[in-house]
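K.L.:
I'd like to ask you about the structure that follows.
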Amino acid sequence: MAVQISPSILAADFARLADEAAAVPNADWLHVDVMDYHFVPNLTLGLPVVEALRKATDKPLDCHLMIADPDRWAPRYAEAGAGSVTIHAEAAKAPIRTLREIRALGARAGLALNPATPVEPYEDLLEEVDMLLLMTVEPGFGGQKFLEMVLPKVRRAREMVSRHGGRVWLQVDGGIDEDTIGRCAEAGADVFVAGSAVYGASDPVEAIDKLRAAADRAIS
Ligand SMILES: O=C(CO)[C@H](O)[C@H](O)COP(=O)(O)O
Ligand SMILES: [Co+2]
């Protein structure tokens, strides 16, 4: 599958979200980090902001829910118009039901794993998901250093996904820049979240082009 770039608005100016969404016309998605002070020690934004963003941009929203009760809230993000809703395996108590509800509401269903969570126990869930998100930092904050230790897991996840027909997208999130993106692409990731590397750059459009080119180079 072609490389996809999903800039994280966590690194954008929250007072100018509509402008910040418009600043990345060459992005495939807009990554929206929802944090609730419980699953992670940080608070960002929730449903009202996603609803407002939905009206402010045509870019599909890739909602990453770092919240304690995704079973309750994930379907609401799909109803709010998110194109993709990702729940954390560590937080979901009924992941199969929740993933099915997300899909039934017309969104892509994602399952996220923290860096220390092994991927193998989730092989049986692959039928229920459209995207696996492997965190390459501990969730909660932007601007952290990429965790190299996750790369072997990305490789194992790619093998797992391939065994199941290769339909499931493999996303990495955290510390993705022009250097780390190539290693992740080579290991098998195909959807790349980048916050600081895009919104911290003086030219976000150029930053996305460079990230995409670096990923393409790694797999060509
Ligand atoms: O989910 C996240 C943090 O929990 C963010 O999406 C991620 O950290 C992106 O920011 P950066 O590219 O600056 O690391
Ligand atoms: Co994220």
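The numbers here are math on the coordinates, done by the rules we state, and not lab data. The structure presented is a predicted model; accordingly, all values stated were derived computationally and were not measured. Note: ideal-geometry Cβ built from the backbone for every residue, glycine included; neighbour counts use all protein chains shown.
K.L.:
Report, largest value first, the span of the C-alpha coordinates of the stretch 59-151 along each principal axis, in whole Å.
P.N.:
36, 30, 22
K.L.:
Treating each Cα of the chain as an identical point scatterer and ignoring solvent, apply the Debye formula and state log10 I(q)/I(0) at q = 0.08 Å⁻¹.
P.N.:
Listed by q, the Debye log ratios stand at -0.24.
K.L.:
Separate question: Pulled fully out, how much extra length does the chain show between Ala2 and Arg217, if you take 0.36 nm times their separation in residues and subtract their Cα-Cα distance?
P.N.:
Values: separation 215, 0.36 × 215 = 77.40 nm, distance 1.21 nm.
Taking Ala2 through Arg217 to full extension adds about 76.2 nm, to one decimal.
K.L.:
Please identify, among Ile87, Ile67, Ile96, the residue showing maximal mean-square fluctuation in a Gaussian network model of the chain using a 10 angstrom Cα cutoff.
P.N.:
For the chain, modelled as a Gaussian network with Cα springs under 10 Å, the answer is Ile96.
K.L.:
I would also like to ask the following. Straight distance only, please: which lysines reach the Cα of Lys153 with their own Cα at less than 18 Å, same-chain residues fewer than 8 apart left out?
P.N.:
Cα-Cα hits under 18 Å: Lys145.
K.L.:
Points 7 angstrom from Cα along the Cβ direction at Glu148 and Ser162: gap in nanometres?
P.N.:
Going by the 7 Å Cα→Cβ label model, 2.4 nm.
K.L.:
Also, quick follow-up: Quick check on packing: order 192-205, 42-55, 8-21 by the mean number of other C-beta atoms within 10 Å, highest mean leading.
P.N.:
Numbers: 192-205: 20.9, 42-55: 15.4, 8-21: 16.9.
Descending mean neighbour count gives 192-205, 8-21, 42-55.
K.L.:
Would you mind giving the average projected area, over all directions, of the Cα convex hull of the stretch 139-196 in nm² with one decimal? Could the numbers behind the result be given before it?
P.N.:
Values: hull surface 15.5 nm².
Mean projected area of the Cα convex hull: 3.9 nm².
K.L.:
Work out from phi, with θ = phi - 60° and the Karplus expression 6.51 cos²θ - 1.76 cosθ + 1.60, the ³J(HN,Hα) of each residue of the stretch 76-90, listed in order in whole Hz, and give x for Gly and Pro.
P.N.:
5, 6, 5, 4, 6, x, 5, x, 8, 10, 10, 10, 8, 4, 6
K.L.:
Distance between the C-alpha centers of the stretch 149-164 and the stretch 1-78? Whole Å please.
P.N.:
After rounding, the separation between the Cα centres reads 26 Å.
K.L.:
A further question on this structure: Given a 10 angstrom Cα cut-off, can you work out which residue in Met66, Met35, Met149 is the most mobile in a GNM of the chain?
P.N.:
Ranking Met66, Met35, Met149 by mean-square fluctuation puts Met149 first.
K.L.:
Quote the FRET efficiency, to the nearest 0.05, computed for Lys55 versus Ala94 with a Förster distance R0 of 35 Å and r equal to the Cβ-Cβ distance. Don't jump to the answer; show the numbers that get you there.
P.N.:
Numbers: r = 31 Å, r/R0 = 0.88.
Here the calculated transfer efficiency is 0.70.
K.L.:
For the chain, set up a Gaussian network in which alpha carbons nearer than 10 Å are linked by springs, and say which option among Ala104, Ala92, Ala74 fluctuates the most.
P.N.:
Answer for the Gaussian network model of the chain: Ala104.
K.L.:
Can you spot the aspartates and glutamates whose alpha carbon is less than 12 Å from Lys210's alpha carbon? Ignore those fewer than 8 places along the same chain.
P.N.:
Asp177, Glu178, Asp179
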